[in-house]
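Input: a single structure, listed below in structure tokens.
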């Protein structure tokens, strides 16, 4: 039995059979593309034609089998078939052209790219993980998935060289051998096919016949989420040539189809020769662009719609049902779970009038005592995100967080850090305060501009870091509520201002709260069946469903601000600017951007495409909870003891009334008033660009005058004085925030103390 029959391919009498079959396939499926390439002006540009492997299987199954088992031989024949089709197109063109029409040469740099996605060949045999690649896969067309962790420099590769025999003048081509490091090896004797052998051993290169290709090497690493317990992620080098060069960057999730081959490592004296497995790429598909398409079944989408139809009359009860499924092993912590959900969902990214990209991703920082569940939320958030990278600030350097330049094989290459690898996903940083002070400044650009500018070892480039940063940290010593966050956390003001929400979790002593939490933990270990009173959600909102829900609302909802929402957000922002609180470093234009992002995220969470007043109120609640000195709501400093309300819709109504009254947006009859507010040009432009999907009238409430908000000339106001008086009174009374619900947050500490009494 022949080698082809053993591999299941059709025995070929000659390569012309395969060439003719490929030519027929290209004429049937890609004639228009080949014509476009033939009539293109550029002759030296690399062109690519993507063929679907599924179409090839339907057309000629044996041709598809040949490509899979022996791609090194038959893929070049596919390129020859394209040139043959171009030759027929040129013949037809020359017959009908005029004498004035120019001559159009055949494009030689046209390459066939095979896309296996969606075909019957998309199976574990043809798509092994990097750690499951074996010797049997060498020489075959395989597809692997991974994340680009290293990107090499673009080089010039000599693709072929024409030699001439000095004895018989026979000319022949020599191609580089990938297995020996792209070396061009001359034959030992003349390869001329004559009746009488030439036997010449001296050759010379013909000048002007060298063909060069663009060449680049990258390294990809398999996804950590696909590995088993205790497995170490493996990596493999991938060779990119011609049109595939510089199509991916460090941090991209890609799917690569190519030919697996073994390359000899550099020879070292008295060291055993070693082989390195590499992949010669033929087709690359960025997985970043295909995250949420076709991932959610129609049945699940119908369940989402049915869920919100069920809670149409009490939407906040439905929202809390979703929130209770976040980290369900932890009792309560309503504020933290709301903040985590809004951070994972994020707002809408847009471009302002000056062309600056305003990020849509939100950042969250949890500051709390040990044992308050910070790391539990960090791990659960990593599971909820479709792409996440977990690291710790202890021992992390700026290179490990951003990007580093490494020398491999005599050349410098960029290796992605945690923020670059988490592009488009979530970056979880534990022990955030342990990052060294010089290294913290390097992540400023990554958090706000969502890019990293690199100029190392002669490599100058910009990498994307479109990621959500979720950090947790312990306070410096004992948390002092009378000191700003910069003192309690040792984090600088510019870094803190980049976090949309900063929540403080203080482990204060409260017997009632400790009793409830201990009962919850004991029931968790005992696996008690009746957990309804312990704030557990129903069976529908499990981890898989919650991931799909977050994925869907981020992809399909682009909520726009309504006039009511704009009025509430801007009024609160200007109130904060006038209040003169201790956290002046956080009350900047970034606070206004954070309010918009959080309101948009809450609208997505509520399964709607419009930011209403309720979403603005929820955003204000989150920001108030992250301020040690609140401007409107009382007793929201410690998020550890925030519980879910029994009637969330009723509590929201009370909360809305308090906020609107403090913002002077509530009339005497209880209706909302739309005041004309003065905005700076930057603030006005920010609101208009964030609402670009809705037509804004120039005569609206926000277009009647522009004035610069000057915080330096504003006085603290009575709200700060009231807050200080409240603190002085609390020093003489026990802290009872463990009984706080949403109602307690609105009515103050006095009612909570009466409940304990």
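Restricting attention to the stretch 350-368, the residues that are touching a strand residue (DSSP E or B) at 6+ places or on another chain (Cβ under 7 Å) and either at pLDDT 80 or above or closer than 25 Å to residue 620 by Cβ (or both) total 11. Consider the stretch 93-110. How many of its residues are in contact with a helix residue (DSSP H, G or I) (Cβ under 9 Å, 6 or more places away or on another chain) and closer than 28 Å to residue 243 by Cβ? Residues meeting the conditions: 9. Scoring residue 127 on the criteria (1) under 30 Å from residue 234 (Cα atoms); (2) not in a loop (DSSP other than H, G, I, E, B) leaves a single failure, condition (2).
Tally the residues that are out of contact with any strand residue (DSSP E or B) (no Cβ under 7 Å at 6 or more places or on another chain) and in a strand (DSSP E or B), restricting the search to the stretch 395-414. Count: 3. Among the residues of the stretch 1-44, the ones that are modelled with pLDDT of 80 or more, under 17 Å from residue 56 (Cα atoms) and part of a loop (DSSP other than H, G, I, E, B) come to 1 in all.
For (1) assigned by TED's automatic domain parsing to the domain that holds residue 616; (2) in contact with a helix residue (DSSP H, G or I) (Cβ under 8 Å, 6 or more places away or on another chain); (3) under 14 Å from residue 469 (Cα atoms); (4) surrounded by fewer than 18 Cβ atoms within 10 Å (Cβ to Cβ), each residue gets a yes or a no:
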site	(1), (2), (3), (4)
325	yes, yes, no, no
329	yes, yes, no, yes
352	yes, yes, no, yes
355	yes, no, no, yes
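Evaluating residue 134 against the criteria (1) out of contact with any strand residue (DSSP E or B) (no Cβ under 6 Å at 6 or more places or on another chain); (2) buried (at least 17 other Cβ atoms within 10 Å of the Cβ) leaves one unmet condition, (2). For the stretch 439-460, a residue qualifies if it is part of a loop (DSSP other than H, G, I, E, B) and either buried (at least 18 other Cβ atoms within 10 Å of the Cβ) or assigned by TED's automatic domain parsing to the domain that holds residue 363 (or both), and exactly one does: 450. Among the residues of the stretch 81-96, is there at least one that is in the same structural domain as residue 115 (by TED's automatic domain parsing), in contact with a strand residue (DSSP E or B) (Cβ under 9 Å, 6 or more places away or on another chain) and under 21 Å from residue 142 (Cβ atoms)? No. Any chance the stretch 496-505 includes a residue that's surrounded by 14 or more Cβ atoms within 10 Å (Cβ to Cβ), at pLDDT below 80 and assigned to a helix (DSSP H, G or I)? The answer is no, given that none of the residues of the stretch 496-505 is surrounded by 14 or more Cβ atoms within 10 Å (Cβ to Cβ), at pLDDT below 80 and assigned to a helix (DSSP H, G or I).
The values are calculated or read from the model by the stated rules, or taken from the named source; none is laboratory data. Being a predicted model, the structure only gives us computed values, none of them experimental. Reconstructed Cβ throughout: ideal geometry from the backbone, glycine too, with neighbour counts over all protein chains shown.
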